[in-house]
Amino acid sequence: MANTKKIKVGFVSLGCPKNQVDIEKMLSLVDSEESYEIVTEDYEADVIIINTCGFIESAKQESIENILDVAWLKENRNLKSIIVTGCLSERYREQIFEQLPEVDAVLGVGSYGEIIRAIKATLKGKRFSSFEDKNTCELGGDRILTTPFYSAYLKIAEGCDNRCTYCAIPDIRGKFRSRPIEDLVEEAKILEASGVRELNIVAQDTTRYGLDLYGEYKLAELIKRISAETNIPWIRLMYCYPDKITDELIEEFKTNKKLLKYIDLPIQHISDKILKKMNRHGGSETIKDAVARLRSVPGMVIRTTVIVGFPGETEEDFAELCEYIKEARFDKFGAFTYSREEDTPAYDFEDQIDEQVKQDRYDIIMGEQQTIVEEMNTQKEGKLITAIVEGYDPDNKVFFGRCGSDAPEIDSKVYFTGNKQLKVGSFVNVKITQCMDYDLYGELLGDINQ
Ligand code: SF4
C-alpha cells in the first residue's frame, strides 16, 4: 500500500486552563484520525488550530496577533489551513471571516466535535464554520495533555451564571453546567494512570459545582471521591468564589491530606459600593468571613485577584481596597486594570476611570503587595517544603520545581541544589535558604518517592 504522507496538524493554545482543556480534547480527536499527525512546530504544519481567548481587549489582541503570525506560514511554508476556535471565535463569530480573511474555519465553543470536519473541508479549499449550542454540547471527552505529564487540569463545569457586570464570559461560555461526579472521578483515574500527580480543579466558578445538577454544592464531595478513588497526592482548587466557601469545604481542607492548603479566590474588590456595581454576590463581610474561615486551616495559602479602576471607583474606594490588602496579607496576589468590554453592563456605566489613573492605582496596589511578600519571604527562610520536581537547569546547576503553594503557570518556582539524579514529577524535601521576589531558593534534603 502506497505510504501516504500524514496531514500535520499544529496548534496554538491561548487563554486560561479551561480553554486549554478544550484544545486537549480537539487534539485527542485529531490524534484518533489515522491520516493525521500532531506536530509541535508550526512551520511543519499543514493545518493549525488556534484556540483563542477573547474575554478582554488585551487577550483579543494577543489572539489576533497569533492568527496573523500563523498566516505568514501560509505564504512562506506548507500551511494550507487556519482554524480558529475558542472564545474569540464564539464572541465575534460574524466578524472573524470578514476581518481576518486568512482564516479558513471558525468553530464556536460548542463545536469542538466538528474539528475533523473543519480540517477536511478546509483542506479541500472550502471555508467552514460551526456554532453548536454551547448550553447542550458534550463537556467530557478524551484528551491529549498539553501540560507536563505529572500535572493536569480537571474542568469540572462549563459556563457561568454569576453575571459580574464587567465580564463577557457568561455570554461566551453559556450557562453554568456541572459535569457528573462519576465522569469526573473516571477522568481523574485516567489522568492518574497517565502519570498525573497534581490535579488542578478548574471551572469559571469552581465553588458552584453541583448546584445545577444535584441542587446543592458538591465540590467537597467531589474532592472526597477523587481522593478516595485515586492516589493523586496533590489536588488544588482554582477559581473559587467567596460566597460559596461552605463549612464542608473548610472541613475538607482541614482533614484531607491530598487537598493542598491552597485556594485561588478572586475577590475583585472590597468596597461594598463597587462590589454591588460589579454584581459580585456577597459584600465585604462575605469576603472577610470567607478569608477568616480559610485562615483557620493551618498553613492555608490564599491567592486572590482584584480589579482597579472600575467605573465609579473613588480614591476612598481604592484606599479601602489597599487597606484591606494590607490587613488580609494574601499569599499570592494579582491585579488587573478594569477593561471596558462591549456587550457587558459595565461598558455603559458612567464615571469611567481615566487609563492613567487605573495604571497608577495598579502600581500602588502591586507596590503594597510587594512589601507584604518581602515580609512573608523572611519567614520562609530555613523552612522545609515539599516540592514537585519539574526539571534541571544545567547552566545554573540547579533543579527547579514548585511547592504545594505554587500553582502551575501563575505562581512562582523553587530552585534548589542537590547532587542526586531526580525524576521529573517526583516529590522532594527542600530546605529554603533564600527568597527573591516570589521565587524560593534552597537545597535538597531528600526525595519522598521516585
Ligand atoms: S464569576 Fe464573574 S468574572 Fe468569573 S466568569 Fe463568572 S461572570 Fe465572569
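The values are calculated or read from the model by the stated rules, or taken from the named source; none is laboratory data. In this text the structure is predicted, and so the values were computed from the model without any measurement. Glycine also receives a Cβ, built like all others from the backbone with ideal geometry; neighbour counts cover every protein chain displayed. We work out accessible area using only protein heavy atoms, side chains counted, and drop any ligands, DNA or RNA first. Shrake-Rupley method; radii C 1.70, N 1.55, O 1.52, S 1.80 Å.
Highest mean first, the peptides 152-158, 134-140, 405-411 sorted by other C-beta atoms within 10 Å per residue fall in the order 152-158, 405-411, 134-140. When the GluC sites (Glu not before Pro) in the stretch 267-369 are filtered for DSSP coil states and for at most 15 other beta-carbon atoms within 10 Å of their beta-carbon, the remaining sites are 342, 350. Cross-linked pairs 218/358; 60/189; 189/261: Cα-Cα separations exceed 28 Å for 218/358; 60/189.
Charging the Cβ of each Asp and Glu at -1 and of each Lys and Arg at +1, and nothing else, the dipole of the chain about its Cα centre rounds to 1460 debye.
Please find the FRET efficiency linking residue 221 to residue 37, where r is the Cβ-Cβ separation and R0 is fixed at 35 Å, and quote it to the nearest 0.05.
E between residue 221 and residue 37, to the nearest 0.05, is 0.30.
Think of the chain as having a plus end and a minus end, set by charges on the Cβ of Lys, Arg, Asp and Glu; of 202, 240, 283, 202 sits farthest toward the positive end of this dipole.
Using a 10 angstrom cutoff on alpha carbons, build the Gaussian network for the chain and name the most mobile of 219, 123, 275. Highest fluctuation among the options: 123. Look at the alpha carbon pairs under 8 Å that are at least 6 residues apart: their mean separation over the length of the stretch 45-176 gives a relative contact order of 20 percent.
A simple charge model with +1 on the Cβ of Lys and Arg, -1 on the Cβ of Asp and Glu and nothing else charged puts the dipole of the stretch 150-257 at about 240 debye relative to its Cα centre.
Applying 1/(1 + (r/R0)^6) with r as the Cβ-Cβ distance of residue 438 and residue 149 and R0 = 35 angstrom yields a FRET efficiency of 0.90. In summary, the lysines within cross-link reach of residue 273, defined as a Cα separation below 17 angstrom excluding same-chain residues under 8 places away, comprise 288. Using equal-weight Cα scatterers in the Debye expression, the normalised intensity of the stretch 192-337 in log10 at q = 0.11, 0.14, 0.17, 0.20 Å⁻¹ is -0.44, -0.69, -0.96, -1.23. When the listed pairs 254/431; 175/413; 258/332; 134/257; 18/244 are checked against a 29 Å cut-off, the alpha-carbon distance exceeds it for 175/413; 134/257.
So for the chain, what are the equivalent ellipsoid semi-axes in whole Å, largest first, each being the square root of 5 times an eigenvalue of the Cα gyration tensor?
35, 29, 22
Bridges between two residues of the stretch 123-281, per DSSP, are antiparallel at a rate of about 15%.
Note on residue 69 and residue 4: the extension gain reaches 20.5 nm, defined as 0.36 nm multiplied by sequence separation minus the Cα-Cα distance. Taking label positions 7 Å along the Cα-Cβ direction at both residue 349 and residue 448, the computed distance is 4.2 nm, reported to one decimal. Applying a 4.7 Å Cβ-Cβ cutoff to the chain, the cysteines left without a disulfide-compatible partner are 16, 53, 87, 137, 160, 240, 322, 403, 435.
Taking the Cα centre of the stretch 362-438 as origin, work out the dipole magnitude from +1 charges on Lys and Arg Cβ and -1 charges on Asp and Glu Cβ, in debye rounded to 20.
The calculated dipole for the stretch 362-438 is roughly 640 debye.
Return the percentage of antiparallel bridges among DSSP beta bridges fully within the stretch 1-58, rounded to the nearest 5 %. Counting DSSP beta bridges with both partners in the stretch 1-58, the antiparallel share is about 0 percent. Stokes-Einstein D for the stretch 336-384 at 4 °C, 1.567 mPa s, Kirkwood Rh over Cα pairs, in µm²/s? The diffusion coefficient I find is 95 µm²/s. The candidates 90, 37, arranged from most to least accessible area with a 1.4 Å probe in the full protein assembly, appear as 37, 90. Our summary gives the stretch 2-122 a relative contact order of 25 percent, counting only alpha carbon pairs under 8 angstrom and 6 or more residues apart. If the segment from residue 374 to residue 93 were pulled out straight at 0.36 nm per residue, it would be longer than the present Cα-Cα gap by 96.6 nm.
Reported value for the stretch 254-299: 78 Å³ per residue, from the convex hull of its C-alpha atoms. For the stretch 145-213, what log10 I(q)/I(0) values come out of the Debye formula at q = 0.12, 0.13, 0.23 1/Å, with one point per alpha carbon and no solvent? These q points yield log10 I(q)/I(0) values of -0.36, -0.42, -0.96. Taking only the C-alpha atoms of the stretch 281-392, Rg followed by Dmax gives 17.0, 52 Å.
222 nm [θ] for the chain, helices only, -39500 (n - 2.57) per DSSP H run of 4+, per residue, to 500?
-10500 deg cm²/dmol
Largest accessible area first, the listed residues 344, 371 line up as 371, 344 when surface is computed with a 1.4 Å probe on the assembled protein chains.
Ligands, DNA and RNA excluded, the heavy atoms of residue 33 present near 50 Å² of accessible surface to a 1.4 Å solvent probe.
Which one of 426, 13, 129 has the biggest mean-square fluctuation once the chain is modelled by GNM with Cα springs under 10 Å? Fluctuation is largest for 426.
When the accessible area of the stretch 370-450 is split by element with a 1.4 Å probe, what percent falls to carbon and sulfur?
Exposed carbon and sulfur together represent 50 percent of the surface.
With every protein chain kept in place and ligands, DNA and RNA left out, what is the accessible area per residue of the stretch 186-256? Probe 1.4 Å, answer in Å².
37
Determine by what factor the alpha-carbon radius of gyration of the stretch 102-249 differs from 2.2 N^0.38 Å, reporting the quotient. Ratio of Cα Rg to 2.2 N^0.38 Å: 1.17.
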